[in-house]
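Peer 1: Have a look at this one.
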Amino acid sequence: MGRAAGLLESGDGRMNSHERRRAKLLERTGTDAYLLFSLDRTMPAGMDQVGLRYLTGYTGEGALVVTAKGTTLVTDSRYLEQAKTEVPDVEVVHAEGDYLDDIAGLLCERKVVRIGYSAWRMTDHVISELRRRTEAEWVTHGDPVSELRAEKDAEELAVLRRAVDIAERALGDLLPEIRPGVGEVDLSSELTGRMQALGADGVLGPTVASGPNSALPHYVPALGRRTLREGDFLLIDFGTVVSGYVCDMTRTYVVGRATEKQREIYACVDRAVDAGLAALRAGVAGRDVHAAASEVIEQSPYAEYVFLSPVGHGVGLEVHEQPKMGPQMSAGVPCGAVVTMEPGIYIPGYGGVRIEEMAVVTETGCEVLTKLPRSRLVELLA
């Protein structure tokens, strides 16, 4: 069993980032305790692994019981040594077989009266069994850890900046080598290798879509194994994973010389990005950001091809997380959120343009994290 860490402060009297997050969680839920559970043998894979990592730094499976008196990780022999390394300041309980008995016993021992859990990241089976085995009041919440995760702290922003830097350096170095005849799959593999060589722990995608395939927002290169041709739009949606945090960005180019129509489409999407970013600030409703970007395209000759999905989403430990910015999203965007801005025009059978930036939301606007040039359509000339 590892050394128990009090939730209220570290050994030197100061909270670390994980302790601050756990304290905010209990304050937000108004409960004596909170349970996270992510165990493949009992639940769908990865049910709440991001929650475990966000609150502790732990990347394995198990259950986390957060109380004001301390935090306990319940895990089995597969992860004991990993837990000792990753979370030495969190109490670790060894469980084998029926985790639910160990969790119930821990809650009874701690005399927990009210315990919260996420309805989004917990199964009815687990909660039903724990209700039967304890006398605690089980209080359901939507997804409070995800709500906390929406507001990035300085440590998280530093990691995300590094993830963006690696992704942009990799693509920037690769662009001069892109020419007709290169396969979409080969280009995707090459970009993956370059991002990993620069220090990425993992990669997002990459989606490499050329010609008419660029009109498919979530195209997978292996579907067609197409090779690039002179005059193609080339859409690259990609990112890196660094310490669990994901960056997500998209750039669109033309292979060879661009036509006037391609330049016109690209310029329209670029203006939509600018409009969305100009509308973005803490407290603004997500639907208003979406409307600002979509209105630019809706008033253009390409209105019938305007993007229909939300113009942006939060990004962090998951590639799609809170907040969402779509036409139905009335909630205000929180200060400190890292979001994408990704309007697009998709013309079936012809091609499409998407430009995706990442930005940190501030009280007065936003700071764009992605730096790859996008104000003009770049021609990739052999």
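Peer 1: Mind telling me which of the residues 156, 184, 190, 177 ends up being touching a Ser or Thr at 6+ places or on another chain (Cβ under 8 Å) and not β-branched (Val, Ile, Thr)?
Peer 2: Residue meeting the stated conditions: 184.
Peer 1: Given the criterion at pLDDT 95 or above, within 30 Å of residue 226 (Cα to Cα) and not polar (S, T, N, Q), identify the matching residue among 352, 283.
Peer 2: Numbers: 283 fails: within 30 Å of residue 226 (Cα to Cα).
From the options 352, 283, the qualifying one is 352.
Peer 1: Only residues that are loosely packed, with under 15 Cβ neighbours inside 10 Å, farther than 15 Å from residue 259 by Cβ and either under 20 Å from the mean Cα position of the chain (by Cα) or at pLDDT 95 or above (or both): list them for region 369-382, please.
Peer 2: Of everything in region 369-382, just one residue is loosely packed, with under 15 Cβ neighbours inside 10 Å, farther than 15 Å from residue 259 by Cβ and either under 20 Å from the mean Cα position of the chain (by Cα) or at pLDDT 95 or above (or both), namely 371.
Peer 1: Pairs under 8 Å by beta carbon, first residue closer than 12 Å to residue 167 by Cα in region 201-212, partner assigned to a helix (DSSP H, G or I) and hydroxyl-bearing (Ser, Thr, Tyr), six or more apart or different chains?
Peer 2: 203/192; 205/188; 206/188; 206/192
Peer 1: Another question, then. Name the one entry in 319, 315 that is within 30 Å of residue 182 (Cα to Cα) and out of contact with any helix residue (DSSP H, G or I) (no Cβ under 6 Å at 6 or more places or on another chain). Before you say what the answer is, go through the steps one by one.
Peer 2: Numbers: 315 fails: within 30 Å of residue 182 (Cα to Cα).
Result of the check over 319, 315: 319.
Peer 1: Residues 233, 238: which one is assigned by TED's automatic domain parsing to the domain that holds residue 269, over 21 Å from residue 319 (Cβ atoms), touching a Gly at 6+ places or on another chain (Cβ under 6 Å) and crowded, with 21+ Cβ neighbours inside 10 Å?
Peer 2: The unique qualifying residue is 233.
Peer 1: Could you tell me whether any residue of region 319-329 is more than 15 Å from residue 248 (Cβ to Cβ) and either modelled with pLDDT of 95 or more or out of contact with any His (no Cβ under 6 Å at 6 or more places or on another chain) (or both)?
Peer 2: There is at least one residue in region 319-329 that is more than 15 Å from residue 248 (Cβ to Cβ) and either modelled with pLDDT of 95 or more or out of contact with any His (no Cβ under 6 Å at 6 or more places or on another chain) (or both).
Peer 1: Taking region 106-154 on its own, how many of its residues are over 26 Å from the mean Cα position of the chain (by Cα), within 30 Å of residue 314 (Cα to Cα) and of a type in the set (Val, Ile, Thr)?
Peer 2: 4
Peer 1: Does region 336-344 contain at least one residue that is in a loop (DSSP other than H, G, I, E, B) and among the charged types (D, E, K, R)? Reasoning before the result, please.
Peer 2: Within region 336-344, the subset in a loop (DSSP other than H, G, I, E, B) is 336-337, 342-343.
Restricting the remaining residues to those that are among the charged types (D, E, K, R) gives 342.
Looking for residues that are in a loop (DSSP other than H, G, I, E, B) and among the charged types (D, E, K, R), one finds at least one in region 336-344, hence yes.
Peer 1: Counting just the residues of region 125-168 that are touching a residue at least 24 places away in the same chain (Cβ under 8 Å) and of a type in the set (Gly, Ala, Ser), which one comes out nearest to residue 55 (Cα to Cα)?
Peer 2: 146
Peer 1: Looking at (1) among the charged types (D, E, K, R); (2) without any contact (Cβ under 8 Å) to a residue 24 or more places away in the chain; (3) in the same structural domain as residue 28 (by TED's automatic domain parsing), can you tell me which one residue 190 breaks?
Peer 2: (3)
Peer 1: Follow-up. Among (1) more than 15 Å from residue 115 (Cβ to Cβ); (2) out of contact with any Phe, Trp or Tyr (no Cβ under 7 Å at 6 or more places or on another chain), where does residue 52 come up short?
Peer 2: (2)
Peer 1: Report those helices (runs of 4 or more DSSP H) wholly inside region 135-229 carrying at least 3 residues which are loosely packed, with under 15 Cβ neighbours inside 10 Å.
Peer 2: Details: elements: 144-149, 154-174, 184-197.
In region 135-229, 154-174, 184-197 are the helices (runs of 4 or more DSSP H) which contain 3 or more residues that are loosely packed, with under 15 Cβ neighbours inside 10 Å.
The values are calculated or read from the model by the stated rules, or taken from the named source; none is laboratory data. Here the structure is a predicted model, which is why all the values come from computation and not from measurement. Note that each Cβ is placed from the backbone with ideal geometry, even for glycine, and that neighbours are counted across all protein chains shown.
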